[in-house]
Amino acid sequence: MKDLRSEIRGKETINASLSFSIVILLLFSFAFDPDSEQIQAMAGGLLWLVFAFAGALVINRSFARDLPNDCLDALIASPISAAALFFGKAVANFVLLLTIELVSLPVFGLFYNVNWTRQFWSLMLVVVLATWGLSVVGTIFSAMTVNMRLRELMLPMLVYPIMIPCLMAAIQLSAALIAGRPVGEADLIWLKLLAGFDVIYTALALTLVDNLLVG
Amino acid sequence: MREKLIYGTGVFAAALLVYNLYVMLMNLPDEAAQGAVYRIIFFHVPAAWSFMIGALAAMVASILFLVRKDFKYDAFAAATTEVILVFGAINLITGMIWARYAWGIWWAWDARLTSMLISWLMYGGYLMLREALDEPTQRARFAAVLSILTFPGVIVTWNAIKWWRTQHPGPVLSIQGNKNGMDADMQNTLYLNFLAILLFTGILIAVRMRQEILRRELDGLRREAHSI
């Protein structure tokens with residue numbers, strides 16, 4: 001929880017990632033015609049790419065934030081388990097990422113003239129599930145790469161391929177929901193994939209994080 | 001003894017491979033719908049099996065390493081991952097050649113192809129992670145964790161043709177009885193070639209693992225020399 005408090009005081013990561021995601025949303029408008037009807041179909045993909053990029057910024061800082069003054073070593077030596085430390089960081093990343101997404105969504109709706117609230121609660125469910133998946137995978141890789149040379153390069157290199165199932169499911173579901181279609185029979189596989197991804201990686205991460213931090 | 005076993009198996013695998021090639025090219029007729037190009041299946045499918053079995057073995061070895069802290073398992077996981085990357089590449093490339101004839105395009109973004117490519121990239125990331133870490137214990141631990149985290153991707157690839165509607169042909173062989181649509185002679189050749197390629201995979205892993213163990217010893221000696 002200390003991550004959230006320091007983030008609320010410092011606001012460095014969240015400001016940077018927020019402006020970053022808005023800049024990317026802006027850049028996408030040059031990549032294709034922002035007024036076209038196609039935007040509805042592409043909305044899911046667009047949004048989750050933005051979130052994945054912004055998420056990489058957030059998780060990059062997650063453990064690296066504690067590097068100065070050997071804070072990370074102190075945290076590891078403190079009498080809490082590595083799993084608890086990891087869980088706290090994952091929750092902090094989750095909250096940060098969710099904040100970014102909840103701000104980006106209306107901005108996206110304004111920029112691209114998309115009415116995204118038609119299936120609001122289903123969309124929120126997808127957003128929460130996928131964000132948890134991204135946070136938990138991101139945080140475990142953040143722990144893995146924190147002391148590595150080329151940290152900024154290795155982290156996205158390793159983490160994006162693992163995130164793909166989660167992102168794919170989120171993209172498919174959000175595209176349908178933003179277009180106003182409720183989750184139907186055909187989308188159920190994606191919802192299952194998303195939920196399965198969350199469960200499997202949360203369990204794996206909590207079991208394995210001990211090996212990364214303590215050894 | 002170990003050497004002899006490796007080379008003996010190697011000779012056997014090579015002989016089997018030559019025999020299989022002979023059967024494929026001289027005895028088996030062209031497939032009714034696809035013509036000559038169907039023969040690619042005799043390499044495409046066994047390469048995929050080698051990739052997946054190897055991925056499973058690497059994950060098991062990684063778990064064993066984390067439990068027992070024995071570097072033998074780390075060497076095995078590293079060797080296996082390197083070798084299966086080659087077979088994954090063979091699988092992808094032969095698949096693309098086949099797709100060029102059967103579908104008219106090199107690459108279709110369907111679930112099986114995409115998930116296979118993703119798995120392949122993830123195991124590439126595993127090797128990059130190993131390169132990026134110098135300290136052997138840390139490298140072994142982190143690589144083991146990554147290998148375990150990567151394996152669910154292989155399960156997705158395995159099930160991709162069941163979960164989604166894809167262009168990829170359904171399973172040609174099935175463990176449950178004879179409900180597959182493949183000719184018995186072709187099926188036998190496929191199994192024999194599977195055996196040959198699996199043996200070949202095993203030999204490569206054994207050789208590579210020995211190198212990895214020797215490299216570790218060498219590294220240890222060098223560190224010792226430095227400390228003196």
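The values are calculated or read from the model by the stated rules, or taken from the named source; none is laboratory data. Since we're looking at a predicted model, the values are computed, not measured. Counting neighbours? That spans all protein chains shown, and the Cβs are built from the backbone with ideal geometry, glycine included. Calculation scope for accessible area: heavy atoms of the full protein, side chains included, ligands and nucleic acids excluded. Shrake-Rupley method; radii C 1.70, N 1.55, O 1.52, S 1.80 Å.
Worth pointing out:
- Scanning the stretch B:53-93 for residues that are open to solvent by less than 20 Å² (accessible area, probe 1.4 Å) and within 17 Å of B:I41 (Cα to Cα) yields B:F87, B:G88, B:N91.
- The residues of the stretch A:192-203 that are without any contact (Cβ under 8 Å) to a residue 24 or more places away in the chain and either crowded, with 21+ Cβ neighbours inside 10 Å or at the interface with another protein chain (Cβ under 10 Å from one of its Cβ atoms) (or both), listed by number, are A:K192, A:G196, A:I200.
- Entry remark, the stretch B:56-80: residues being away from every other protein chain (no Cβ under 14 Å), in contact (Cβ under 8 Å) with a residue 12 or more places away in the chain and either under 23 Å from B:I118 (Cα atoms) or in contact with a Leu (Cβ under 6 Å, 6 or more places away or on another chain) (or both) number 8 in total.
- Residue count for the stretch B:31-52 satisfying the condition of being of a type in the set (S, T, N, Q) and surrounded by 17 or more Cβ atoms within 10 Å (Cβ to Cβ): 1.
- Residue under evaluation A:V50, criteria (1) open to solvent by less than 40 Å² (accessible area, probe 1.4 Å); (2) hydrophobic (A, V, I, L, M, F, W, C); (3) outside any helix (DSSP H, G or I), criterion not met: (3)
- The combined condition, being part of a helix (DSSP H, G or I), loosely packed, with under 15 Cβ neighbours inside 10 Å and facing chain A (nearest Cβ under 10 Å), is not fulfilled by B:T114.
- Identity of the residue in the stretch B:147-157, of a type in the set (A, V, I, L, M, F, W, C) and facing another protein chain (nearest Cβ under 7 Å), that ends up surrounded by the most Cβ atoms within 10 Å (Cβ to Cβ): B:L149
Matching residues to (1) within 17 Å of B:F76 (Cα to Cα); (2) in contact with a strand residue (DSSP E or B) (Cβ under 8 Å, 6 or more places away or on another chain); (3) in contact (Cβ under 8 Å) with a residue 24 or more places away in the chain:
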{"residue": "B:Q187", "(1), (2), (3)": "no, no, no"}
{"residue": "B:L199", "(1), (2), (3)": "yes, no, yes"}
{"residue": "B:G202", "(1), (2), (3)": "yes, no, yes"}
{"residue": "B:A206", "(1), (2), (3)": "yes, no, yes"}
{"residue": "B:E212", "(1), (2), (3)": "yes, no, yes"}
{"residue": "B:R215", "(1), (2), (3)": "yes, no, no"}
{"residue": "B:L221", "(1), (2), (3)": "no, no, no"}
{"residue": "B:H226", "(1), (2), (3)": "no, no, no"}
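- If only residues of the stretch A:159-191 that are at pLDDT below 85 and over 18 Å from A:L47 (Cα atoms) are counted, the one that is surrounded by the fewest Cβ atoms within 10 Å (Cβ to Cβ) is A:E185.
- Here A:M157 clears all of (1) more than 30 Å from A:V114 (Cα to Cα); (2) in contact (Cβ under 8 Å) with a residue 40 or more places away in the chain except the condition numbered (2).
- A:M148 being more than 18 Å from A:A170 (Cβ to Cβ) and crowded, with 19+ Cβ neighbours inside 10 Å: no
- Some residue of the stretch A:131-138 being assigned to a helix (DSSP H, G or I), at pLDDT 80 or above and over 23 Å from B:F142 (Cα atoms): yes
- Test: residue in the stretch B:86-101 that is at the interface with another protein chain (Cβ under 9 Å from one of its Cβ atoms), closer than 27 Å to B:L199 by Cα and not aliphatic (A, V, I, L, M): no
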